[in-house]
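FYI, it's all coordinate maths here, none of it is from the lab. Since this is a predicted model, take the numbers as computed values, not measurements. With ideal geometry, Cβ positions are generated from the backbone for all residues, glycine too; neighbour counts draw on all protein chains shown.
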Amino acid sequence: MSGRPVADSSGATETLRTAVAAVRDRLDRGRVAILLLALVAAVASFLVATRIFPYHSINHDEGVYLQQAELLLSGKLFLRPPVEGSFRPWFFVESGRGLYSKYQPVPAAVFALGRVLGAYPIALAGISAGVVAGTAALARELFDWRVGAVAGVLVLASPLFLIHSGVYLPYAVTAAFELCFAVAYLRGERTGSRRLAAVAGAAIATAFFARPYTAVLFASPFILHAVGTLVRSGAWRTPFEAVSDEQRALFARRALTAGLGIVGVLVALGYNVIVTGDPLVFPYQAFAPHDGIGFGHREILGHEENYTLELGIESNRRVLARLFTEWVAMGLVGAVLAAAGVLATAGSAVLRRVPDASERASAALVGRRATVAGMFVSIAAGNVAFWGNFNILGALTVQEDGLIHSLGPYYHYDMLVPTAVYGAVAVVWGADRLGSLAAPRLPDTLTAPRVAVAVVIVAAGVAAPVAADAAERPLDHNAAVSEELAAAYEPFEAEGGLSMGNAALGGNQTDEKTLTFLTPVYGPWLNHPFQAVRNDPEFDGPSLYAIGDDDELDVAAAKPDHELRRYVMRGPWNPVDGESVTAELRPVERVSGESVRMDAAVGIPEGAQSVSIRAGGDAGQTYATANVSEGTLRLTLTVNGTGARLAGEGVRSPGSFDVEDRDELTVTVFVSTGPSTGFSYQLVFPIDAGGDEVRALSPTRERCPVPDRCVPAGLGSSPPGQFANATVESVSE
C-alpha cells in the first residue's frame with residue numbers, strides 16, 4: 001500500500017448535486033421562459049439590424065448616435081474638424097470648444113459598448129433582450145410566470161419592437177433602463193429589499209439622463225405610488241419622530257430610490273454645463289431653442305409650427321390610433337386584449353380575488369398593478385405636449401406619409417410595456433376560465449391548469465399568423481427602402497468600404513487614403529442622408545468624408561495625403577419612392593502653378609441650331625458663341641493670378657473676366673435645338689488665385705435638360721450626342 005489518501009468521490013458528487021439543485025431551484029419555469037425569450041429577441045434584433053437595416057433607416061438620427069458613440073470611444077465629447085463647416089455631422093451643435101451632439105450621451109454609450117464587444121449590432125441585441133426580458137419579468141412580478149411569458153411573447157411580436165430592435169435610436173435603450181427600474185422598484189416593494197430600491201433609483205437616473213421627458217412619463221405612476229404609500233403609511237415622519245421598523249424600512253427604500261434618481265438629474269445638469277455652458281440648457285435646446293416640450297411657436301431648422309393644444313390632441317389621437325391598430329402585436333386584436341386585461345384586473349381588485357393573499361397584501365398588490373396600468377395615461381397624456389408626434393405623421397391626411405409609416409409611433413415606444421402586460425393578463429385570464437369550465441367534462445388527468453396551458457398554446461397558434469401579418473408590412477417596407485439605399489451605397493460597397501449592419505466605419509479596404517466629397521442632398525450636413533459612411537473622431541483615418549460644393553480647396557489643402565474623389569448621383573434621394581439612384585465615385589485632381597487650365601469637350605447633337613457660352617465667377621463674366629457643327633465642341637478656360645480667359649475651337653468672340661482670390665468659376669454651354677427647346681452643360685471649376693500660385697480642383701460636370709434640373713454628365717444613360725468631359729492641368733504663360 002502506498003499510503004496515498006483515496007479521493008472522496010462521494011463528497012464531490014454530493015457537492016455537484018447541491019450545485020445542480022441550486023441552479024434548478026433558481027431556474028424555475030418563469031426564469032427559463034424569460035431567458036429563452038431574451039435569446040430569441042437578441043437573435044431577431046441582430047437579424048433585423050443586419051438584414052433589414054444594413055445601411056440604417058430613413059431616420060438620420062441613427063448616424064448622430066453612432067458618430068457620438070465613436071466620439072465617446074475616443075474619450076471625447078467634442079469634434080474638432082480640420083476645416084470649419086465642411087465636416088459638420090447632422091444634428092451636431094457648433095460651439096467654441098468644437099461640435100457636440102444635440103442628444104444625451106447615454107444611448108450612444110450603450111451602442112459604443114457593442115462596438116467594444118465586437119460590433120454595433122451586439123448592443124442592439126442586448127437592448128432588445130433587455131426589453132423583452134424586462135417586460136416578462138415585470139408581468140411575472142405583478143401576476144405569475146404564465147402572464148410573464150405571454151407578455152414577453154407579445155412584446156417580441158410587436159412590429160414597433162421588431163423595427164426598433166434593429167435601429168440605433170434611443171427609445172428601446174431608454175425603455176430597457178426604465179424596465180429595470182420598474183422591476184426593481186416593484187420587487188423591492190414586495191420583498192422590502194433596500195438593494196433593489198437602490199437599483200431602481202440608479203436605473204431611472206440613467207433613463208432620465210438618456211431621455212429626461214420619456215423617463216418622467218414612464219415613472220410618473222411609480223412616483224405617485226411611492227409618494228402615496230409614504231404618506232398613507234406615515235413613514236414620511238421617520239426623520240421627525242419614532243416610527244415602527246416597517247415604516248423606517250419603507251422610508252429608507254424611498255430615500256435610496258429618490259436619492260439616486262436625483263443623482264441622475266444632477267448628472268444630466270452637469271453634462272449640460274460641460275457642453276452648453278448652462279445647467280438648464282439641454283443640448284437639443286442649444287441646437288434649436290424653440291424645439292421641445294410645450295405649446296406655442298415650435299421650430300427646428302426652418303420647420304416651424306404653431307403647436308396648439310388642439311393640434312397636439314389631434315396629432316396624438318392619430319398616433320395612438322396607428323399604434324393600437326398597426327404597431328402592437330396582432331394590431332387591433334392585441335389592443336383589445338390589453339383593454340380586456342385592464343378590465344379583468346380592475347374587476348379582480350374590486351372583488352378582492354387575489355389568491356393566497358391577506359386583505360392588506362391584496363391592497364398593496366392592487367396598488368402596484370395600478371402603476372403599470374397608469375402608464376397608459378401618463379404616456380398618452382404627456383406626449384400631447386410634444387410636437388414631435390405631429391412631425392412624425394407628415395401630412396396628417398396621408399396614411400403612408402411621415403416617419404411613422406416606416407418606423408412607427410416611436411415616441412410612444414414605452415406604451416408597448418403595459419399593452420403587452422395587460423394583453424397577457426387577458427390571455428391567461430381567459431385560458432383559466434376556459435380551463436375551469438372544461439376540466440370537469442374531461443378525464444381526471446386533464447386538470448384545469450393543464451387545460452389552461454393547452455388553451456394558451458392553441459391561442460398562440462391561432463394568433464401567430466395575425467401577428468406575423470401585422471409585422472410583415474413594416475419589415476417588407478423597410479427592406480425595400482434598404483434595397484434603394486444599396487444602390488446609393490454601391491460605389492462604396494464596390495471597394496469593400498462598408499460592413500453589413502455597420503459593424504465598422506465605412507472606409508476603403510486598401511492602403512490608399514481617400515477623401516470623398518459627398519453631395520449635400522439636404523444641405524450642409526454630413527450623415528444626412530449618408531449615415532453609413534462617417535469620419536473617425538480624429539479626422540485622420542484612411543477614409544474621410546466632407547461636404548461637397550463648399551470649401552473644397554481648403555479641405556483638399558488640409559488633407560494633402562488623401563486622394564480626392566467626388567460622390568455623384570443621378571435621381572432624387574427619396575428611398576421610399578420605389579426608384580433607386582445611380583451613383584459613382586469620380587477622381588478629383590489637384591493642380592497648382594503659375595496658371596491652370598481646364599480643357600473641356602461637350603457633345604453637340606444632330607439638329608442643334610445654336611450654341612452660346614457663358615463663363616464667369618464672383619468678379620465678372622464673359623459671353624461667347626460657337627459654331628454649330630455636329631460632334632464635339634472643345635473649350636479651354638485658363639486662369640492666372642488676375643483673371644480668366646475663355647477660348648476654344650470654333651468659339652467666336654472669346655473673352656476674359658476678372659476672378660476673386662477665392663472663386664468658383666462656372667462655364668455654361670447652352671445648346672438650342674429649336675425655337676423654345678434646348679439643354680445646357682454646366683462645368684464648375686473651384687480656384688484659389690490669392691497666393692503665389694493658382695490652385696484648382698477638377699471641375700464638376702453636369703448636363704441640364706432644363707435650367708433648374710441638372711444631372712451628372714456621363715452617369716446613367718444620356719440622349720445620343722450629349723456628353724461632357726473635362727480635365728485640369730497647370731500651365732506656364
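General observations
- The calculated 222 nm mean residue ellipticity attributable to helices in the chain amounts to -16000 deg cm²/dmol, summing -39500 (n - 2.57) over DSSP H runs of n ≥ 4 and dividing by all residues.
- Between 0 and 90°, nearest 10: helix 120-142 axis offset from the chain longest Cα axis: 30
- With N the number of residues in the chain, Rg(Cα) / (2.2 N^0.38 Å) evaluates to 1.20.
- Ranked by the mean number of other Cβ atoms within 10 Å of their residues, highest first, the peptides 86-93, 316-323, 430-437 come out as 86-93, 316-323, 430-437.
- Annotation for ARG51 and ILE223: the two label points, set 7 Å from Cα along the Cα-Cβ direction, are 4.2 nm apart.
- Here's the picture: charge each Lys and Arg Cβ at +1 and each Asp and Glu Cβ at -1 in the stretch 191-287, and of THR229, ALA286, ALA255 the one pushed furthest to the positive end of that dipole is THR229.
- Crossing angle, helix 194-210 versus the chain [Cα axis fit, 0-90 degrees, rounded to tens]: 20
- Square roots of 5 times each gyration tensor eigenvalue, C-alpha, the stretch 191-287, largest first, Å: 31, 13, 11
- Those residues of the stretch 599-615 whose amide nitrogen sits under 12 Å from the label point placed on GLU729, 7 Å along Cα→Cβ: 599-600
- Unpartnered cysteines - no second Cys beta carbon under 4.7 Å - across the chain: CYS180
- Computed about its Cα centre, the charge dipole of the chain is approximately 4260 debye, with only Lys, Arg, Asp and Glu carrying charge at their Cβ.
- Each Lys or Arg adds one and each Asp or Glu takes one away; over the other residues whose Cβ falls under 14 Å from the Cβ of MET330, this sums to -2.
- Scoring 28-38, 544-554 by mean Cβ neighbours within 10 Å over their residues and listing the highest first yields 544-554, 28-38.
- Net charge over other residues, Cβ less than 9 angstrom from the Cβ of HIS290 (K, R count +1; D, E count -1): -2
- Projected label points at ALA480 and VAL628, each 7 Å from Cα along the beta carbon direction, are separated by 4.6 nanometres.
- Shape of the stretch 96-136, Cα gyration tensor, a/c cut at 1.5: oblate
- Semi-axis lengths, largest first, of the ellipsoid equivalent to the stretch 591-731 are 26, 15, 13 Å, with √(5λ) applied to each eigenvalue of the Cα gyration tensor.
- For the stretch 677-716 versus the stretch 591-644, the inter-centroid distance based on Cα atoms is 11 Å.
- Nearby lysines by direct alpha-carbon distance to LYS102 (threshold 17 angstrom, same-chain neighbours under 8 apart not counted): LYS76
- Residues of the stretch 208-231 falling in the label zone of ILE293, defined by backbone nitrogen less than 17 Å from a point 7 Å along Cα to beta-carbon, are 208-224.
- Approximate spin-label separation VAL40-SER612, in nm, with each point projected 7 Å along Cα-to-Cβ: 7.0
- Positive contributions from Lys and Arg (+1) and negative ones from Asp and Glu (-1), summed over other residues with Cβ under 13 Å from the Cβ of GLY228, come out at +2.
- Sequence ranges 468-476, 516-524, 108-116, ranked by mean other-Cβ count within 10 angstrom, highest first: 108-116, 516-524, 468-476
- Spatially, the stretch 247-297 and the stretch 147-200 are offset by 21 Å when compared through their Cα centroids.
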